[in-house]
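Here's the structure we're looking at; comments come further down.
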Amino acid sequence: MNANVPSSTSHYPTAPTAQRDVTHTLSVLVDNEPGVLARVIGLFSGRGYNIESLTVSETEHAKHLSLITVVTTGTPMVIEQIKNQLDRLVPVHRVVDMTLSGRSIERELAMVKVRGKGDNRVEALRLADAFRARVIDATTESFVFEITGKSDKIEQFVALMLPLGLVEVSRTGIAAIARGPEGM
Amino acid sequence: MTREMTGAEMVIQAMADQGVKHLFGYPGGAVLPIYDAIFAQKEVQHILVRHEQGAVHAAEGYARSTGKVGCVLVTSGPGATNAVTGLTDALCDSIPLVCITGQVPTHLIGNDAFQECDTVGITRPCTKHNYLVKRIEDLPRILHEAFHIASSGRPGPVVVDIPKDIQFAKGVYSKPKEFPHTGYKPKLKGDLEAIKAAVELMTHAKRPLFYTGGGVINSGKNASALLRELVKLTGFPITSTLMGLGAFPAADPQWMGMLGMHGTLEANMAMHDCDVMVCIGARFDDRITGRVDAFSPGSKKIHVDIDASSINKNIKVDIPIVGDCAHVLEDMVRLWRTQAKQADKKSMGDWWKQIDKWRARKSLAYRASNEVIKPQYAIQRLYELTKDKDTYITTEVGQHQMWAAQFYHFQEPNRWMTSGGLGTMGYGLPASVGVQLAHPKSLVIDIAGEASVQMTMQELSTAVQYRLPIKIFILNNGYMGMVRQWQELLHGSRYSESYSEALPDFVKLAEAMHAVGIRCEKPGDLDHAIKDMIAVDRPVLFDCVVDKVENCFPMIPSGKAHNEMILGDSGVSLDDAITEEGKMLV
Ligand SMILES: Cc1cc2nc3c(=O)[nH]c(=O)nc-3n(C[C@H](O)[C@H](O)[C@H](O)COP(=O)(O)OP(=O)(O)OC[C@H]3O[C@@H](n4cnc5c(N)ncnc54)[C@H](O)[C@@H]3O)c2cc1C
Ligand SMILES: Cc1ncc(C[n+]2csc(CCOP(=O)(O)OP(=O)(O)O)c2C)c(N)n1
Ligand SMILES: [Mg+2]
């Protein structure tokens with residue numbers, strides 16, 4: 001076997017069979033202790049994984065548990081890696097792939113500030129009503145709307161507000177939970 | 001035992017309770033209370049190194065040669081940052097360590113205090129887990145938990161960062177019975193259905209092999225014994241990674257030698273052509289797979305690993321089994337026996353014939369010389385003259401490391417200590433210090449290169465101080481040989497900065513450090529000189545002057561497939577052997 005013997009395959013490595021990227025929502029139950037978020041984020045940045053959305057909050061105070069919901073993209077093999085890598089962090093209790101279970105509900109909350117007068121102001125209110133967004137602050141020249149829903153609904157609402165005087169948006173990121181009676 | 005004591009005393013008490021005999025460390029302001037606690041007792045002996053990196057490598061050698069947890073103590077700031085290379089090395093090679101670092105007092109953390117650094121931040125990606133202790137009440141639990149995490153599951157280094165005020169604080173110490181970390185429960189037993197499917201696949205294999213790795217060593221001596229049993233029962237050929245050498249005896253006829261970039265032709269060809277691959281405790285590293293899309297294209301793959309994240313990372317496998325090697329091997333042996341299965345005799349016969357043909361190519365052959373010492377010859381002689389002794393080998397990183405792996409044959413696990421994953425030059429000398437402490441009566445040899453050895457040379461003083469008769473066997477080729485080889489093959493022989501200029505006179509250096517220096521330049525003198533080295537009951541620096549430009553073969557150039565190896569004497573023009581992509585992979 002030497003380099004002069006022609007090999008059956010090309011001299012150049014063929015590109016790995018292209019796997020398509022997929023998006024998954026992962027629920028990660030962790031000990032609520034200092035540094036745990038840094039571990040999770042450090043894992044993603046250190047290994048070059050994507051974070052599309054990340055939310056963290058305490059779930060059960062007495063048990064010192066927090067829930068991290070992370071939306072990530074990658075090839076199926078990378079998604080499997082991400083789950084396994086998360087699972088091996090010591091303070092991580094469970095990693096549940098909400099997308100795989102296919103039975104999860106995902107919601108996001110956004111606060112949307114719009115500034116305008118006259119027709120734009122009326123139109124903004126009308127659209128807000130159609131999207132079931134609530135007014136949570138108002139001045140004579142502005143509104144802050146609160147809207148909850150799936151991310152695409154929020155994005156659609158924000159896009160509609162843009163020409164009407166969108167000032168800024170503050171979004172919580174995605175929270176997810178499984179349907180049915182069972183817990184994580 | 002429940003008693004009131006200071007945080008500093010708890011550190012030493014916890015070590016004593018964990019059965020720690022030796023602690024490798026270096027003092028400084030932020031750990032002085034712990035040094036007081038060391039002063040006051042005799043159970044845990046402190047070994048004073050010369051650099052904190054040396055402390056970690058020594059603890060690694062100690063751990064790898066005993067299967068126990070290695071312990072390190074360093075001060076805050078520079079003490080901790082100096083330990084980072086060793087910690088990363090231990091993480092890459094799955095070595096169990098507990099490293100205690102001093103920290104500035106709690107109220108000064110974040111203040112840019114003297115010798116402050118964010119130790120938990122810096123070491124988070126290079127430890128299996130780490131802690132900053134903020135309350136004395138947590139310290140006993142954390143200390144014992146650190147040992148538990150370091151040694152269980154896939155082993156690794158754990159850092160416990162202890163602010164100075166916590167070291168002074170008093171609290172109640174007791175050894176906890178259990179750990180509240182409910183999230184951490186390594187899986188030892190493999191899924192029985194998967195193991196059955198694996199055994200079924202193995203019985204119908206026509207060209208099977210075992211590909212084993214460091215996980216078998218991690219799993220303990222019992223895993224090696226079970227592996228031997230299963231290999232005998234099945235009659236399959238076996239190869240191993242660099243990290244797994246010794247788990248299966250090299251003297252056995254079923255042994256094909258190491259695989260991978262510098263592995264034997266027979267091992268790599270068998271990997272390429274097999275129909276069933278049984279991977280046990282190895283992680284499909286890129287030095288093994290070569291070109292991923294051409295890696296063992298026709299085989300069904302079984303992968304046993306305690307860490308689910310090692311499975312399907314680089315190579316997709318057919319039967320994943322998450323579990324400890326010894327546990328899974330036990331099930332495999334039992335199933336194979338009870339089902340009284342026999343591998344297909346005719347196919348196995350043909351397979352072995354094919355393997356013997358590859359063996360006949362003698363891929364490790366080199367051109368002998370009467371003029372200069374060939375590095376391969378030096379290792380062969382070292383092996384012949386030490387194989388009947390109770391010998392442990394450590395190495396630095398480079399060509400000498402690969403020649404050691406190829407020409408020194410290991411019959412037992414835990415006898416071979418090398419830096420595989422990180423490839424840390426400077427690992428071998430301090431590692432040999434740790435090994436010798438653990439095995440005071442044994443012959444401990446660091447197979448070194450003249451460049452690597454200069455990275456942690458100062459630890460020779462540690463060996464002298466503690467009367468550790470380590471033998472540092474330098475294959476002195478006057479080059480960073482591995483770099484020179486790559487430059488020859490990949491960069492048009494432009495030997496940019498790879499010549500070892502201004503080398504010390506190693507014999508005089510040894511003498512200046514109160515060790516023994518020996519130099520050997522002729523093949524005819526070698527046996528005698530090696531015998532002299534073995535006979536000395538003191539640390540020896542052996543300057544073995546070898547061929548300057550010998551290359552390490554066989555070699556799978558990066559970016560190539562297993563069946564595209566370069567052999568030493570094949571006379572191939574090497575210039576166009578490697579693709580541009582291959583250059584990127586080096
Ligand atoms: C210059 C140089 C050249 C090299 N060339 C080669 C070469 O030619 N060939 C070669 O083989 N290597 C070579 N290496 C080493 C290589 O880089 C890797 O370190 C090595 O191949 C990894 O070995 P391994 O797969 O056994 O994994 P290890 O790093 O030893 O990992 C062990 C695996 O076993 C698992 N494990 C741990 N404990 C257990 C347990 N109790 N039960 C079950 N599983 C467990 C772990 O999760 C992990 O997946 C070279 C290194 C250097 C520096
Ligand atoms: C700390 C560190 N720096 C750089 C390297 C890159 N490197 C790998 S091998 C090598 C040369 C080693 O030379 P020597 O110790 O003389 O061994 P030889 O290859 O000549 O046997 C270098 C620089 C490394 N592995 N580790
Ligand atoms: Mg050299």
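General remarks:
- Pairwise label distance in nanometres, B:Lys221 with B:Asp525, each label 7 Å out on the Cα-Cβ vector: 4.1
- Karplus 3J(HN,Hα) series, Hz, for segment B:250-263 with 6.51 cos²θ - 1.76 cosθ + 1.60 (x for Gly, Pro): 5, 7, 6, x, 7, 7, 9, x, 5, 10, x, 3, 10, x
- Those trypsin sites (Lys or Arg not before Pro) in segment B:154-196 that DSSP places in a loop and that have at most 10 other beta carbons within 10 Å: B:Lys177
- The C-alpha atoms of segment B:346-393 occupy a region whose extents along the principal axes are 44, 31, 13 Å, arranged from largest to smallest.
- Backbone amide hydrogens, once placed in the peptide plane, bring B:Gln103 within less than 5 Å of B:Ile162, B:Lys164, excluding anything fewer than 5 places away on its chain.
- Efficiency of FRET between B:Glu511 and B:Lys346 - r from beta-carbon atoms, R0 51 angstrom, step 0.05: 0.20
- Segment B:Gln45-B:Phe114, length gained on full extension (0.36 nm per residue, minus Cα span): 22.0 nm
- Computed over the alpha-carbon atoms, segment B:3-173 gives an Rg to Rh ratio of 0.92, Rh here being the Kirkwood radius from the mean inverse distance.
- In segment B:164-248, the GluC sites (Glu not before Pro) that fall in loop regions by DSSP, at most 12 other Cβ within 10 Å: B:Glu178
- With at most 13 neighbouring Cβ atoms within 10 Å, loop GluC sites (Glu not before Pro) (DSSP) excluded, longest segment of chain A: A:1-140
- Shielding by partners - mean other protein chain Cβ count within 10 Å, residues of B:309-318: 3
- The B:Arg467 and B:Gln339 beta-carbon pair, evaluated with R₀ = 45 Å, returns a calculated FRET efficiency of approximately 0.25.
- Checked against a 21 Å cut-off, the cross-linked pairs B:Lys374/B:Lys531; B:Lys42/B:Lys164; B:Lys134/B:Lys170; B:Lys313/B:Lys560 give Cα-Cα distances beyond that limit for B:Lys42/B:Lys164.
- Shielding by other protein chains, B:127-140, mean Cβ within 10 Å: 1
- Estimated FRET transfer efficiency when R0 is 56 angstrom, pair A:Lys63-B:Asp532 (beta carbons, to 0.05): 0.25
Read-outs: derived from the displayed coordinates by stated rules, not from any lab. Please read these numbers as outputs of a predicted model, since none were measured by experiment. Positions of Cβ are generated from backbone atoms using ideal geometry, with glycine treated the same way; all protein chains shown enter the neighbour counts.
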